[in-house]
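The values are calculated or read from the model by the stated rules, or taken from the named source; none is laboratory data. In this text, all values refer to a predicted model and were calculated from it rather than measured experimentally. Every residue, glycine as well, gets a Cβ built from its backbone with ideal geometry; the counts of neighbours run over all protein chains shown.
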Amino acid sequence: MMPDANASGPRRHPRSYETILIRYRRIDPQNDLGDFAENECVASTVNFSASGMLIRTSEKFTVKTLLDIRFKLRPDGHEIHQLAQVVRYEPAPFSGLHYAGLLFTSLSDADKAEIERFVRSSEPGRGSV
């Protein structure tokens, strides 16, 4: 099952297992989908790092699907707006939900640093940011 992907070996980037809500919409290079708010869906993270995230959602995906995602690490924080590509997909057994592994494609240095700080602060034994 995908949430245990940790067991495959060491990660390049440390992970946070805090649940955050994300808003997203599919990107279709052939068609303009209009306003983000009119086409957005919501998902929650299973884990995330400075390179991407694993989300749980009610939507089905195919690998290589492009997403426009938006999220805040803290309720009072700034919104991180990012493009991501689905690199893994797996339906969750018996729940009707789906897991999708997303790879960030254009993360700014400032947003990467903010995610890294958040991940470090959420590690066991560390204080909050």
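Observations on the structure shown:
- Test set (1) under 14 Å from residue 118 (Cα atoms); (2) modelled with pLDDT of 95 or more - residue 76 fails condition number: (2)
- The condition (being under 18 Å from residue 14 (Cβ atoms), out of contact with any Gly (no Cβ under 7 Å at 6 or more places or on another chain) and among the hydrophobic types (A, V, I, L, M, F, W, C)) is satisfied by just one residue among 110, 50, 43, 100: 50.
- Residues in the stretch 37-78 that are hydroxyl-bearing (Ser, Thr, Tyr) and part of a loop (DSSP other than H, G, I, E, B) were compared, and the one that is farthest from residue 27 (Cα to Cα) is 49.
- Members of the stretch 79-105 that are among the β-branched types (Val, Ile, Thr) and assigned to a loop (DSSP other than H, G, I, E, B): 105
- Residues satisfying the stated conditions in the stretch 64-104, i.e. under 19 Å from residue 39 (Cα atoms) and in contact with a helix residue (DSSP H, G or I) (Cβ under 6 Å, 6 or more places away or on another chain): 80
- Restricting 37, 92 to residues that are over 18 Å from residue 108 (Cα atoms), in contact with a His (Cβ under 7 Å, 6 or more places away or on another chain) and modelled with pLDDT under 95 narrows the list to 92.
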